[in-house]
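Student: First, the structure itself, so that you have it in front of you.
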Amino acid sequence: SGGNPGDAPYWLVGVTLVGGLVLISLLNWLIGFVATMLESAGSGVLPEMLLQTAFEILKLAIMVRVVLSWLSISAQSRFLRVVRILTDWIIEPIHSIVPPIGMFDFSPLIAYFILVFAEQLVMRGLFS
């Protein structure tokens with residue numbers, strides 16, 4: 001349940017690097033999103049962009065949920081509750097059909113692929 005205290009500086013560097021990369025990626029996405037929204041507002045493709053953004057947020061929430069499940073974060077934390085609200089509706093039914101295999105839960109992975117497929121289907125059906 002505990003690790004070697006001598007490894008703590010390495011974990012700190014690793015977590016800081018990963019956290020920094022995630023933050024940079026999120027800022028890059030946010031800047032691109034705002035620029036795209038401003039650009040598309042005048043061209044009439046705003047509904048398409050909003051729908052695609054909704055799918056991207058759901059996929060990101062699934063990835064965040066998986067990463068947070070590896071860490072010991074309380075299920076009652078505000079951030080995790082928001083992530084669970086966004087993802088429970090798709091993960092829980094899959095989880096009841098496909099139980100975890102050992103310590104591996106494949107329901108978020110299956111949910112992610114279902115979202116990718118649904119996104120392609122909806123975007124082609126509505127905007128092609």
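Student: (1) surrounded by 11 or more Cβ atoms within 10 Å (Cβ to Cβ); (2) not in a helix (DSSP H, G or I): which one isn't true of Ser72, the others all being true?
Tutor: Only one criterion is unmet by Ser72, namely (1).
Student: Mind listing just one residue for me: the one in the stretch 91-100 that is among the β-branched types (Val, Ile, Thr) and within 17 Å of Met63 (Cβ to Cβ) and, of those, surrounded by the most Cβ atoms within 10 Å (Cβ to Cβ)?
Tutor: Of the residues in the stretch 91-100, the ones among the β-branched types (Val, Ile, Thr) are 91, 94, 97-98.
From what is left, the residues that are within 17 Å of Met63 (Cβ to Cβ) are 91, 94.
Values: Ile91: 23, Ile94: 16.
Only one residue tops the list, namely Ile91.
Student: Next up: Would you confirm, using the coordinates I've provided, whether Gly3 is open to solvent by less than 80 Å² (accessible area, probe 1.4 Å), at pLDDT 90 or above, under 30 Å from Phe106 (Cα atoms) and over 14 Å from the mean Cα position of the chain (by Cα)? Talk me through it step by step, then tell me what you get.
Tutor: Values: open to solvent by less than 80 Å² (accessible area, probe 1.4 Å): yes; at pLDDT 90 or above: no; under 30 Å from Phe106 (Cα atoms): yes; over 14 Å from the mean Cα position of the chain (by Cα): yes.
It is false that Gly3 is open to solvent by less than 80 Å² (accessible area, probe 1.4 Å), at pLDDT 90 or above, under 30 Å from Phe106 (Cα atoms) and over 14 Å from the mean Cα position of the chain (by Cα).
Student: Shifting gears a bit: Which pairs do you get when a residue that is under 13 Å from Ile62 (Cβ atoms) and at pLDDT 95 or above, found in the stretch 76-90, comes within reach of a residue that is of a type in the set (S, T, N, Q) and not in a helix (DSSP H, G or I), reach meaning Cβ atoms under 8 angstrom, with the pair 6+ apart or on two chains?
Tutor: Short answer, once both residue conditions are applied: none.
Student: Next question. Restricting to the stretch 101-128, name every residue that is touching a Pro at 6+ places or on another chain (Cβ under 9 Å) and either open to solvent by 50 Å² or more (accessible area, probe 1.4 Å) or outside any helix (DSSP H, G or I) (or both).
Tutor: Asp105, Phe106, Leu126, Phe127
The values are calculated or read from the model by the stated rules, or taken from the named source; none is laboratory data. Everything quoted here is computed from the prediction, not taken from an experiment. Glycine also receives a Cβ, built like all others from the backbone with ideal geometry; neighbour counts cover every protein chain displayed. Heads up: the accessible areas ignore ligands, DNA and RNA and are worked out on the full protein's heavy atoms, side chains in. Shrake-Rupley method; radii C 1.70, N 1.55, O 1.52, S 1.80 Å.
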